[in-house]
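To start, the structure under review is shown below, and the notes come after it.
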Amino acid sequence: MPGTTPLAPMTPHAAIRAFSYLRAVQADDADAAREFADAEPRMPGLLVDVAERIVVSVTALPGPEAGEPCKDTFALEALGRVFVTSLRIWAQAGPNTAQGIARAVIDFAAQFLSENHENVADTLRQLEAVGVGQALAAHPAPTGAHPVRFTAV
């Protein structure tokens, strides 16, 4: 978004935990979601970090090669900023906000990134692969470390 600094990369651990929680909530697996949330008290903040990465990529103003942006483009960018800011404020209310934030992120993915609402789980898996890949690129594992494994939900 214009006027903002680039997002600091998430750690692989944080990205994996946040996406594991998102996928558990999306799958209506309350037990798994509770386990992920209990294991990570910063879950609401991690979810906002994930949301920001998703929302910014969808709502950011296009580059100069796309031509002059129209009013709708500016409105979408502003809406993205408002959405992320609202989630960030909501996350400050504490760890019990994780499920609501997750549902908002899932709904955003369904509305903007899924061709039909039935493939939201696939969309989340693709977003997870990108997010964890970016985190691993920014925070490479030391030589000889064990490979990262994704959780299955």
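Summary table below
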item: For q = 0.10, 0.12, 0.13, 0.20 Å⁻¹, Debye-computed log10 I/I(0) when each Cα of the chain counts as one equal scatterer; result: -0.37, -0.53, -0.61, -1.32
item: Chymotrypsin sites (Phe, Trp or Tyr not before Pro) restricted to region 1-102 and DSSP loop, no more than 15 other C-beta within 10 Å; result: none
item: Gaussian network model of the chain, Cα within-10 Å springs - most flexible of Ala60, Ala24, Ala93; result: Ala93
item: Thr11 paired with Gln92, simple spin-label distance in nm, labels 7 Å along Cα-to-beta-carbon; result: 2.4
item: Cα shape, region 79-120, gyration tensor, a/c 1.5 rule; result: oblate
item: Selected from Asp122, Asp49, Asp72 as most flexible by GNM, with the chain as the system and alpha-carbon contacts under 10 Å; result: Asp72
item: Stretch gain in nm, segment Arg103-Asp122, where the contour uses 0.36 nm per residue and the Cα spacing is subtracted; result: 5.3 nm
item: Counted charge near Glu35, where neighbours are those whose Cβ lies closer than 13 Å (Asp, Glu -1; Lys, Arg +1); result: -1
item: Pairwise label distance in nanometres, Gln134 with Val58, each label 7 Å out on the Cα-Cβ vector; result: 1.4
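Each reported figure results from applying straightforward, stated rules to the coordinates on display, with no laboratory input. Being a predicted model, the structure only gives us computed values, none of them experimental. Neighbour counts run over all protein chains shown; Cβ positions are idealised from the backbone, glycine included.
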